[in-house]
1. Rounded to whole Å and sorted largest first, list the principal axis extents of the Cα atoms in the stretch 222-332.
2. Give the order of Glu267, Glu198 when sorted by the count of other beta carbons within 10 angstrom, beginning with the fewest.
3. The stretch 55-331: Rg/Rh from Cα coordinates, Kirkwood Rh?
4. What pairs from Lys187/Lys270; Lys66/Lys298; Lys74/Lys298 go past 27 Å between their alpha carbons?
5. Return the inverse of the average 1/r over all pairs of distinct C-alpha atoms in the stretch 270-339, which is the Kirkwood hydrodynamic radius, in Å to one decimal.
6. Among Val321, Val160, Val199, which comes first, then next, by fewest other beta-carbon atoms within 10 Å?
7. What nm value, rounded to one decimal, do you get for the distance between Thr266 and Ala329 when each label is placed 7 Å out toward the C-beta?
8. Kindly put Met129, Met197 in sequence by how many other C-beta atoms sit within 10 Å of each C-beta, fewest to most.
Amino acid sequence: MNDPDATSPLPTTRRRLLVGLGATATTLGLPLAAIAVDPPAAPRSTPPRSSTLPRERRTMNTFTTKDSTQIYYKDWGSGPVVSFSHGWPLSSDAWDAQMFHLASHGLRCVAHDRRGHGRSSQPWQGNDMDTYADDLNELFTALDLRNVTMIGHSTGGGEVVRYIGRHGGRRVARVVLMGAVPPIMLKTAAYPGGLPMEVFDGFRKSYLADRSQFFLDVASGPFFGFNRPGARVSQGMIQSWWSQGMMSGYKNAYDCIKAFSETDFTEDLKKIDVPTLIIHGDDDQIVPIAASALLSAKLVRGSVLKIYPGGSHALGDTDRVKLNADLLAFATSTHTSRS
């Protein structure tokens, strides 16, 4: 079989968005300026939605949730199922290299654009972790996915963990958390090593002031580690990240800052009872390892922690070959199937 890690062109939609973009990005260091702004209202607490989804409510590439949100998804390859949950403010495109590699090695890869992101619709409400998990549950139900290896990056890692905490692990065979936000990003009494609220207020301040420039700054600086001395800067990666971010809904991406930073996943992590691989770069400037992966590894029974020395938050791009190999080995490892 040919090596699926060969470089491929950016998708047509993404190329169109990139036309006219100059390589003028500036470098940003974390944390951002601590400028207090009024936080958004707390998301409503909602009970788990029903898992019944009539077949007529989905098409080849989209399905409609019970609250009438249209969710876009990709479904590549055939074989044992692997699902991918992306980070903020991106889309399923962020996983293309991993999906292509795994699907080329006999796995069925399914990834969706979270509500308010990518090609999914942009509802005013429901931009919270409970609803994200419910949407994922409806996708699994719509496609009748079972024995799934769930992979989540950053915010997507929180989505995976909340899915299990909220809907159980009946459909789950394994879990991978990569650069994931659990147990909680925000500094609290229970987690004094987290980031102070001023950091996330700074996110919101910069986002509202100039969203496009803010996305360029994040991508050209801490996300890929391009602000580190000697880093090999890729304008292609920066532009890809920016274009995906600009496809997100304005309010959806704003609300998601609260969702990924303030949600406490402690109890969800304790409910995971399947083989779990936790992958994190020790130079992750977006989700520092000490307050995330090192703590999650203690909360998930029997989990395996794999640290990438010098790794950034964007391991799917900056450490693509190594990550692809690790994901393939884990997804095809021997396990007991669930009926």
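1. 40, 34, 28
2. Lowest to highest Cβ neighbour count: Glu267, Glu198.
3. Rg divided by Rh gives 0.93.
4. Flagged as over cut-off: Lys66/Lys298; Lys74/Lys298.
5. Here the Kirkwood hydrodynamic radius works out to 13.1 Å.
6. Going from sparsest to densest Cβ surroundings: Val321, Val199, Val160.
7. With each label placed 7 Å out from Cα toward Cβ, I get 3.4 nm.
8. Arranged by neighbour count, lowest to highest, Met129, Met197 become Met197, Met129.
The numbers here are math on the coordinates, done by the rules we state, and not lab data. Quick caveat, the model's predicted, so the values are computed rather than measured. Please note: Cβ atoms are built from the backbone with ideal geometry, for glycine as well, and neighbour counts cover all protein chains shown.
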